[in-house]
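Heads up, the thing below is written out as structure tokens.
The values are calculated or read from the model by the stated rules, or taken from the named source; none is laboratory data. Values in this document were obtained by computation on a predicted structure and should not be read as measured data. Here the Cβ is made from the backbone with ideal geometry for all residues, glycine too, and neighbour counts use every protein chain on show.
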Amino acid sequence: MGMNALALIPGYLRVGPLHLPVFGLFAAAGLVCALWLSQRTARYAALSPERLWDAGMFALLSAFIASRALLIARDPKAFLRFPLLILTLPSLTYSGIALTIILTFLWLRVRHMPVMNVADAWAPCGAVLWAFLSQGHFVEGTDAGMPTTLEGTDAGMPTTLPWARQTPGDNVLGQVHPVQLYAFVLALALCVYLMRRLKREHRMGEVAAYGLFLGGAASFLLDMVRQPVDIEAGLLLDPSQFVAIATMLVGAGFTAAVGFAPVPSREEVTTYLEKFIESEGRMSPALMRDTVFKDPLLLETQSRFMDLPRDYPSQNNAWCSRAGLQVLEWYVTQLRFSEAPRRRKAS
């Protein structure tokens with residue numbers, strides 16, 4: 001293959017007669033990496049990797065169908081005239097993302113998957129996908145004043161910093177901030193941070209809350225060095241900055257809902273279960289339901305605890321029957337007289 005057969009042109013990679021969209025290649029690679037990573041994060045979030053893979057595939061399919069459906073609904077006459085052209089247009093909008101989230105949430109509920117656990121497992125995967133998408137925008141070299149679907153424009157503001165770059169095809173602004181590279185670095189750093197938090201014992205929803213808040217904050221800061229969408233609109237902030245603020249508020253709301261109390265130790269769990277048995281199973285099961293443990297004995301106890309209502313159903317609105325509480329007493333004995341593992345120092 002000669003040099004002329006493989007050439008990088010703005011937005012496309014030309015391989016002989018084929019013209020492949022550069023951003024599409026990076027997006028596909030990002031999706032593959034995100035799905036692969038989800039197979040590791042599933043175990044850290046106490047989920048089945050196979051079921052999380054199915055959930056990820058459903059989310060991707062929902063995003064594709066929902067975005068195209070909204071695009072067609074916006075202008076059905078144009079779709080009837082140019083169906084293939086309309087279907088190939090960039091169409092991932094905020095409304096499409098919102099619809100995808102709703103559909104995925106309903107699917108998780110139907111499949112009886114814990115939504116907060118899934119959100120925790122997907123948080124680092126989302127950061128990886130963000131990194132690939134940012135790098136795709138940078139490599140394709142078509143960001144000079146080009147509106148993107150979600151962020152208005154990817155072109156940075158003029159700067160004299162040594163790492164500034166000239167946007168291909170732009171002869172007006174000169175050297176600008178490489179916003180996509182900033183986003184790439186921030187996304188990778190966010191992924192590493194979320195993975196470290198996920199590997200620790202944590203409350204369900206904790207990792208997702210950090211991901212939403214920090215991701216929204218990073219997006220807001222990036223918009224400070226990105227060209228504004230519409231200077232004449234009279235808005236104090238760009239639309240994407242309002243979305244970033246909303247994301248941070250949702251993350252903060254998750255924080256308030258979860259509470260982020262310290263993960264209970266083995267002794268604290270044992271004391272809680274003893275009180276749970278004394279109350280005949282009428283205490284709130286939140287401590288066992290909403291915590292992801294790493295201690296093998298606590299994991300086994302938690303799994304058995306969650307199965308008690310199914311195996312030993314109660315007739316008086318308690319968590320389980322008296323026979324189930326007797327099973328729980330055996331686990332309490334194991335917890336009380338087994339040596340607790342030493343916890344690693346938080347790095």
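Filtered by the rule that a residue be of a type in the set (A, V, I, L, M) and under 29 Å from ARG196 (Cβ atoms), the range 264-294 gives VAL269, ALA286, LEU287, MET288, VAL292. The residues of the range 263-290 that are more than 22 Å from SER321 (Cβ to Cβ) and not in a helix (DSSP H, G or I), listed by number, are VAL263, PRO264, SER265, ASP290.
The residue that is surrounded by the most Cβ atoms within 10 Å (Cβ to Cβ), counting only those in the range 218-233 that are among the hydrophobic types (A, V, I, L, M, F, W, C) and at pLDDT below 85, is VAL229.
Rundown of residues vs (1) among the aliphatic types (A, V, I, L, M); (2) buried (at least 19 other Cβ atoms within 10 Å of the Cβ); (3) at pLDDT below 80; (4) assigned to a helix (DSSP H, G or I), yes/no style:
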| site | (1), (2), (3), (4) |
| --- | --- |
| SER134 | no, yes, no, yes |
| HIS137 | no, yes, no, yes |
| ASP143 | no, yes, yes, no |
| PRO162 | no, no, no, no |
| GLY169 | no, no, yes, no |
| TYR182 | no, yes, no, yes |
| LEU186 | yes, yes, no, yes |
| TYR210 | no, yes, no, yes |
| GLY216 | no, yes, no, yes |
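Conditions tested, residue by residue: (1) polar (S, T, N, Q); (2) over 16 Å from the mean Cα position of the chain (by Cα).
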residue: SER48; (1), (2): yes, yes
residue: TRP53; (1), (2): no, no
residue: PHE58; (1), (2): no, no
residue: PHE64; (1), (2): no, yes
residue: PRO83; (1), (2): no, yes
residue: TYR94; (1), (2): no, no
residue: ASP120; (1), (2): no, no
